Amino acid sequence: MRRSAELQKFIDPSHLEDKETLTVDGLPLIAVASPSTMEELSRILQSLFENDLSVLVTGNGNRLHVGNPPTRADLRLSTLDLKGILEFDQEDGVIEVLAGTPLPQVRNLVNSEGWELPLDPPGNAPTLGGSLASAAFGPRFGHPRDFVLGLGMVMADGTQTKCGGRVIKNVTGYDLMKLYLGSYGSIGVIGSAWLRLLPYPESKKVLKVSFQKDDEGFKDSLKASRYTSVRVACLTNSYPILEASLGSDSMNLILEIAGDEKAVERDFNELTNAYRADEIDDDVLLRIRSNQNSSPGASDSLAIHFRVLPSKLPVVWSSLNKLGFSCFSYPNRGDLFASLDPNQLTSDTETLVAVRTLASDSGGSFVLERAPLRMKREFDVFGTDPSLSEITSSLKETFDPRGILNVGRVSGRN
């Protein structure tokens, strides 16, 4: 555990300070480097690279619970001072933002000009960089790659580079950009991003539909979630979301329909007639987002994000229920979140073997988004797909051969 005084011969002291110890999966960190410009970020990483020092890159810390335990870090690199709006084209609906900028700040700005920010990850004031590095999403929008036009990157050796641009026609480096989104800062640090905005909807309504928890209920819920104006579809019987307990054989589909007024009214009438949908208050969306980011009990609870074909959801949901997990899902995307109270976690090995078997049998994948440290040390939180570990190992060797950035955090503990 290093302090800033030990690192001042390597890094400009004006960018270094000691802060309250942050412990990430057993690794305590005190010294923090905080660049406020891309150039400062570049110089810091160059110094670290030349002196074989490693960092754990953080934003606001909303996603630090996701990832394998870090195996090495001499200090923490915070992007929170690297913030601000670089450019906002109100006519074209594109914006360039620095990585440490809190998303609520960006959202408020674009909303005031009739646009909507298509990023809604859970957490307390998540930053742009942290959200993109972890490919975080919320109930309204899908993977961030659908809305990121370009990235400004700083590589492990301090080299500044760009991929993509402000318009989708600029495809130079576009595929490379997809590598950085969801790489958890392990192959480069996101410094800025160009985002494509969406028009703010003329009309919005939130509905609740009840279904039986059987094959027909799942089929009907998936059908209802595919209406044209639906942008949130959450299937749940979770108490924190509904603020009311359902019977074990029931589940609710929460829908937000949004868009132009005529389309919303049309889908509202059809959903009401077909499924007896009830309009409810939109604060349920805040509870959905909050529930996605947490799990019951203490920090040693287990929370898993499954990704499967929507047609496989009934089997996966039922199997997880039998293992004691509570579930909720975005059925039209095939995303399912399952959590287990630590008091019910009797055997790490049996539980993980069952989860792996379920993922394999359903043709899906999973990530242990939260897990007791003992489990994270024994099991790779990104599953056991050897091809994924080989890919991340190859990327790490290519982009960060000295092991400077977020070492050990991604698949294969690379």
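The aspartates and glutamates within cross-link reach of K213, meaning a Cα-to-Cα straight distance under 15 Å and a gap of 8 or more places when in the same chain, are D249. Overall shape: oblate for segment 285-374, with the ratio a/c of the largest to smallest alpha carbon gyration tensor axis at 1.5 or above and b/c at least equal to a/b.
The simple Förster model, with R0 at 60 Å and r as the Cβ-Cβ distance, assigns Q344 and Q8 a FRET efficiency of 0.80. Taking 0.36 nm per residue of separation and subtracting the Cα-Cα distance, full extension of the segment from T228 to S203 would add 7.6 nm. When the listed pairs K322/K396; K223/K322; K219/K322 are checked against a 28 Å cut-off, the alpha-carbon distance exceeds it for K322/K396. With the Cα gyration tensor of segment 124-166 giving a ≥ b ≥ c as the square roots of its eigenvalues, does the rule (a/c under 1.5 for rounded; else a/b larger than b/c for prolate; else oblate) give rounded, prolate or oblate? Judged from the Cα gyration tensor, segment 124-166 comes out oblate (a/c at least 1.5, b/c at or above a/b).
The fewest-to-most ranking of H143, H15 by surrounding Cβ atoms within 10 Å reads H143, H15. In this calculation the C-beta distance from E270 to L176 is compared with R0 = 41 Å, giving a FRET efficiency of 0.45.
Neighbour counts of other Cβ atoms within 10 Å put V55, V407 in the fewest-to-most order V407, V55.
In the chain, Rg over Rh equals 0.98, where Rg is the alpha-carbon radius of gyration and Rh the Kirkwood radius from pairwise Cα distances. Beyond 22 Å in Cα-Cα separation lie the following of the pairs K312/K376; K9/K83; K19/K376; K19/K83: K312/K376; K9/K83; K19/K376.
Each of Q344, S394, V24 was scored by the projection of its Cα onto the charge dipole of the chain, and the greatest displacement toward the positive side belongs to S394; charges sit on the C-beta of Lys, Arg, Asp and Glu. Subtracting the Cα-Cα distance of Q160 and D214 from 0.36 nm times their residue separation leaves 14.2 nm of extension gain. Using C-alpha pairs under 8 Å with a sequence gap of at least 6, the mean separation divided by the residue count of the chain gives a relative contact order of 17 percent. Charges were assigned to the Cβ only: +1 to each Lys and Arg, -1 to each Asp and Glu. The resulting dipole of the chain about its Cα centre is roughly 620 debye. Charge dipole (Cα centre; +1 on Lys/Arg Cβ, -1 on Asp/Glu Cβ; no other charges) of segment 74-183 amounts to roughly 240 debye.
Placing +1 on the Cβ of every Lys and Arg and -1 on the Cβ of every Asp and Glu, with nothing else charged, gives segment 136-206 a dipole about its Cα centre of roughly 300 debye. Annotation: extensible slack from S311 through D260 equals 15.4 nm (criterion: 0.36 nm per residue apart, minus Cα-Cα distance).
Cβ-Cβ distance of E17 and N124, R₀ of 25 Å, FRET efficiency by 1/(1 + (r/R0)^6): the value works out to about 0.70.
Take the Cα of L286, step 7 Å toward its Cβ, do the same at R377, and the gap between the two points is 3.9 nm.
For the pair segment 12-76 and segment 326-354, the centres of their Cα atoms are 31 angstrom apart. The alpha-carbon of K262 sits under 18 angstrom from the alpha-carbons of these lysines, leaving out residues fewer than 8 places away in its chain: K204, K205.
Residue order for I95, I241, fewest other beta carbons within 10 angstrom first, comes to I241, I95. The packing ranking of peptides 66-79, 266-279, highest mean first, is 66-79, 266-279, where packing means the average number of other beta carbon atoms within 10 angstrom of each residue.
Since every read-out is calculated from the coordinates, none of them should be taken as a lab result. As the structure is a prediction and not an experimental result, all values here were calculated from the model. Backbone-built Cβ (ideal geometry, glycine too); neighbour counts: all protein chains shown.
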